[in-house]
Amino acid sequence: MSSPVLPSHGRVRPLGLAQVRLNGGFWYERQVVNASATLAHCESWMERLGWLANFDRVADGTTGPDRPGWPFSDSEVYKLLEALAWEAARTGDPDAEAAIKRLTARVARAQDPDGYLNTCFGHGDQPPRYSDLEGGHELYNTGHLLQAAVARLRTHGEDDLVRLARRAADHVCRVFGADGLAAICGHPEIEVGLAEFGRALGEDRYVEQARLFLDRRGHGTLRDIPLGRAYFQDDLPIREAGVWRGHAVRALYLTAAAVDVAVERRDDELLHAVERQWERSVARRTYITGGMGSRHQDEGFGEDWELPPDRAYCETCAGVASVMVSWRLLLATGQARYADLIERTLYNVIAASPSPDGRAFFYANPLHQRTPGRPADPEEVSPRAEGGTRAAWFDVSCCPTNVARTLASLHGYLATSDDDGLQLHQYAPCSISAELPDGRRAAVEVETGYPRTGTVRVRITAGSTASWTLALRVPAWATGATLTDEGGTREVAPGVAEVRRAFRAGEVVTLDLPVEPRFTWPDPRIDAVRGCVAVERGPEVLCAESRDLPGPAALDALVIDTRAGLKAGDDAALARALLPARPGGAWPYLTHQAAPRSDAGWIDLPLRPYHSWAQRGPAGMRVWLPVSTPHPEGE
Ligand SMILES: [Zn+2]
């Protein structure tokens, strides 16, 4: 069965990508752009920068320490291969298939006879293999190769990519096995790659190697670095950690692997440790967008409540990795809270990254942009991860290929099944079909305009005389949701709403989710946004942009009157806002609390989906809006 994650057991089972088809709407449109633009865009940039030629140079014996790209540039080729494999299976696109063969042939030529495969170490005058485990990313690269091979194996079957990945994995097991080098990679990823590769091939020794890497971590196995060992989660064994810390992508890739190993080894202690880390990190170290990582210095988590909106890092890759973690926990436990976070992150981190044309991306996803960025040159590599506008490519370009592989496989994250029925976790127009035990079949078609409208119609497309359960997630924000079935309409609480009976073909079960815009207040311990409010609409976080105001300065000063409520606008929610003039002075600290002066009067401030910010051009932007003091002058 084709699915990015296929645990041997769990509370619910993923559906194969062939069992779910998106038929239109928000995510389908992004899949189409991903297929028609992003995949070729990524390949052309890697060609242009020599990241692909790095493989040719190893094969031809002409490479050296002068090789272009960071040590992890090989992984971008592998993430693109993974995206292409999902895409080739989704549509049967011959261009995707041809690209897989073209890239695989170049990668294959660079593999050493013993299975080692890396363009940055071990050839010519390059540093020796595994001479910089802290920063060299060799095993990290191999992990992405294995994930690409899993995609190919599950959608196509064994081919050259799978065979070369197997040789690379065997090499890793020989060098780093129980009797080998007791070492780990500074950037986790090999663990999650090995675990899934083992599942896909039915060969437990790869899962065992992943377990070895996990258990070795957290004992000061790597050399200390100025950022400290927490940066690469080598400060504490994962079983003993209580919260995510250090580099966010590293922490989350490692955690995804920990869920895989915990499930395959039926290691409940490890699974519960991860669940505790998820709980505390989501409760205290996660942005309203689902974004993770508040420190630029180490692309890492801050302390509890350290969530500044303007200095938010929220790397797109951390969003992808967060979805990887929550999806695995959802499969293991069936709990709706994991699907809630997946939804939040998909709409407000992952969807924010690519431009509508699929050829530019956000790397960092701050919640407040004080000055509009400059338009990015589509022919230039952006040296910086931040900047307020989407860039065609980056010096460190991990995010575009991560978005590509996620979008190409996105239909795999919508629904699951168990022995009793079908569970819908995300709502999009789609067709779903699942075989259940005892010859039952659950087949539905979902019709919805979600997230813009909240009505989700689930039409049964295959009737049966035997009962099964249709389970629909009710998002945590959806207070007042209703479910309409043949017995009438009833209110359903956040969590999961179930209908169990024998369904006839053509019957419709309707879930109505309240997607009117709503205010959301932060925990006061998040000091940076105390006294502010955010506006959400369904799963979308909204934001104000300077393009809708007299200028960026108005964005600094505005205050919102929450008592006036929110109105629905054309493509936006409208909040009542005051654009006061602030007393300017030589010193921005006063002996009294400044009351806003209502010189500019009250306006209807448009608030638009955060994921679309800066699409109309460079703009100042803010998600958190200061609430007006109780009685501003001018009321
Ligand atoms: Zn990234």
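Among TYR253, TYR231, which is touching an Asp or Glu at 6+ places or on another chain (Cβ under 6 Å) and under 24 Å from GLU208 (Cα atoms)? First the steps, then the outcome.
On the way: TYR231 fails: under 24 Å from GLU208 (Cα atoms).
Exactly one residue qualifies, and that residue is TYR253.
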Qualifying position, being buried (at least 24 other Cβ atoms within 10 Å of the Cβ) and touching a residue at least 24 places away in the same chain (Cβ under 8 Å), among HIS156, HIS187: HIS187
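Residue-by-condition table, conditions (1) among the hydrophobic types (A, V, I, L, M, F, W, C); (2) more than 11 Å from the chain's Cα centre (by Cα); (3) within 16 Å of the ligand (Cβ to nearest atom); (4) outside any loop (DSSP other than H, G, I, E, B):
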site: ALA318; (1), (2), (3), (4): yes, no, yes, yes
site: VAL323; (1), (2), (3), (4): yes, no, yes, yes
site: PRO356; (1), (2), (3), (4): no, yes, no, no
site: ARG359; (1), (2), (3), (4): no, yes, no, no
site: TYR363; (1), (2), (3), (4): no, yes, yes, no
Residue within the stretch 53-66 that is of a type in the set (A, V, I, L, M, F, W, C), within 24 Å of SER409 (Cα to Cα) and not assigned by TED's automatic domain parsing to the domain that holds THR448 present: no
Single match in GLU264, GLU303, GLU269, GLU299 (criterion: on the phi > 0 side of the Ramachandran plot and of a type in the set (Asp, Glu)): GLU299
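With respect to ALA339, determine if the residue is modelled with pLDDT of 95 or more, within 27 Å of HIS137 (Cα to Cα) and not in a loop (DSSP other than H, G, I, E, B). Write out each step before concluding.
Working: modelled with pLDDT of 95 or more: yes; within 27 Å of HIS137 (Cα to Cα): no; not in a loop (DSSP other than H, G, I, E, B): yes.
Against the criterion (modelled with pLDDT of 95 or more, within 27 Å of HIS137 (Cα to Cα) and not in a loop (DSSP other than H, G, I, E, B)), ALA339 does not qualify.
Does the stretch 220-230 contain any residue that is open to solvent by 10 Å² or more (accessible area, probe 1.4 Å) and in a helix (DSSP H, G or I)? Spell out how you get there, then give the answer.
Keep residues of the stretch 220-230 that are open to solvent by 10 Å² or more (accessible area, probe 1.4 Å), which gives 220-221, 223-230.
Subsequent filtering for residues that are in a helix (DSSP H, G or I) retains 229-230.
Looking through the stretch 220-230, at least one residue is open to solvent by 10 Å² or more (accessible area, probe 1.4 Å) and in a helix (DSSP H, G or I).
Could you identify the single residue in ALA573, ALA528, ALA534 that is outside the structural domain of GLN369 (by TED's automatic domain parsing), open to solvent by 40 Å² or more (accessible area, probe 1.4 Å), modelled with pLDDT of 95 or more and of a type in the set (Gly, Ala, Ser)? Reasoning before the result, please.
On the way: ALA573 fails: open to solvent by 40 Å² or more (accessible area, probe 1.4 Å); ALA534 fails: open to solvent by 40 Å² or more (accessible area, probe 1.4 Å).
When all the criteria are applied, what remains is ALA528.
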Residues satisfying the stated conditions in the stretch 99-121, i.e. surrounded by fewer than 18 Cβ atoms within 10 Å (Cβ to Cβ) and in a loop (DSSP other than H, G, I, E, B): ASP112, PRO113, ASP114
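Residue by residue, here is whether (1) within 14 Å of THR155 (Cβ to Cβ); (2) open to solvent by less than 10 Å² (accessible area, probe 1.4 Å) holds:
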site: PRO7; (1), (2): no, no
site: ALA18; (1), (2): yes, no
site: ARG30; (1), (2): no, no
site: VAL33; (1), (2): no, no
site: ALA40; (1), (2): no, no
site: LEU52; (1), (2): no, yes
site: PHE55; (1), (2): no, yes
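Out of LEU201, LEU161, which single residue is assigned by TED's automatic domain parsing to the domain that holds LEU331, open to solvent by less than 10 Å² (accessible area, probe 1.4 Å) and either within 16 Å of the ligand (Cβ to nearest atom) or not aromatic (Phe, Trp, Tyr) (or both)? Spell out the reasoning first.
Details: LEU201 fails: open to solvent by less than 10 Å² (accessible area, probe 1.4 Å).
That would be LEU161, the only listed residue that is assigned by TED's automatic domain parsing to the domain that holds LEU331, open to solvent by less than 10 Å² (accessible area, probe 1.4 Å) and either within 16 Å of the ligand (Cβ to nearest atom) or not aromatic (Phe, Trp, Tyr) (or both).
Of all residues in the stretch 265-285, count the ones that are of a type outside the set (D, E, K, R) and out of contact with any helix residue (DSSP H, G or I) (no Cβ under 8 Å at 6 or more places or on another chain).
Taking the stretch 265-285 first, the residues of a type outside the set (D, E, K, R) are 270-274, 277-278, 281-283.
In the following step, the residues that additionally are out of contact with any helix residue (DSSP H, G or I) (no Cβ under 8 Å at 6 or more places or on another chain) were identified as 272, 281, 283.
Going through the stretch 265-285 one residue at a time, the tally reaches 3.
Touching a helix residue (DSSP H, G or I) at 6+ places or on another chain (Cβ under 9 Å) and either within 16 Å of the ligand (Cβ to nearest atom) or in contact (Cβ under 8 Å) with a residue 60 or more places away in the chain (or both): does that describe ARG344? Outline the logic, then answer.
Details: touching a helix residue (DSSP H, G or I) at 6+ places or on another chain (Cβ under 9 Å): no; either within 16 Å of the ligand (Cβ to nearest atom) or in contact (Cβ under 8 Å) with a residue 60 or more places away in the chain (or both): yes.
Considered against the rule, which asks whether it is touching a helix residue (DSSP H, G or I) at 6+ places or on another chain (Cβ under 9 Å) and either within 16 Å of the ligand (Cβ to nearest atom) or in contact (Cβ under 8 Å) with a residue 60 or more places away in the chain (or both), ARG344 comes out as no.
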Any pair with Cβ under 7 angstrom, 6 or more apart, that starts in the stretch 121-137 at a residue that is without any contact (Cβ under 8 Å) to a residue 12 or more places away in the chain and ends at one that is open to solvent by 50 Å² or more (accessible area, probe 1.4 Å): GLY122/PRO128; GLY122/ARG129
Scope the stretch 285-305; condition open to solvent by 10 Å² or more (accessible area, probe 1.4 Å), free of Cβ contacts under 8 Å to residues at least 60 places away in the same chain and away from the ligand (no atom under 16 Å from the Cβ); matching residues: ARG285, THR286, GLU303
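Which of the following residues is under 26 Å from ASP298 (Cβ atoms), among the small types (Gly, Ala, Ser), touching a strand residue (DSSP E or B) at 6+ places or on another chain (Cβ under 8 Å) and open to solvent by less than 20 Å² (accessible area, probe 1.4 Å): GLY373, GLY388, GLY412? I'd like the intermediate steps shown before the answer.
Values: GLY373 fails: touching a strand residue (DSSP E or B) at 6+ places or on another chain (Cβ under 8 Å); GLY412 fails: under 26 Å from ASP298 (Cβ atoms).
Going through GLY373, GLY388, GLY412 in turn, just one is under 26 Å from ASP298 (Cβ atoms), among the small types (Gly, Ala, Ser), touching a strand residue (DSSP E or B) at 6+ places or on another chain (Cβ under 8 Å) and open to solvent by less than 20 Å² (accessible area, probe 1.4 Å): GLY388.
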Pair list, Cβ under 8 Å, 6 or more apart: the stretch 535-549 residue farther than 11 Å from PHE519 by Cα and of a type in the set (Val, Ile, Thr), other residue modelled with pLDDT under 95 and open to solvent by 10 Å² or more (accessible area, probe 1.4 Å): none
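The values are calculated or read from the model by the stated rules, or taken from the named source; none is laboratory data. Keep in mind the model is a prediction, meaning the values are calculated, not measured. Note that we place each Cβ from the backbone using ideal geometry, even for glycine, and neighbour counts take in every protein chain shown. Heads up: the accessible areas ignore ligands, DNA and RNA and are worked out on the full protein's heavy atoms, side chains in. Shrake-Rupley method; radii C 1.70, N 1.55, O 1.52, S 1.80 Å.
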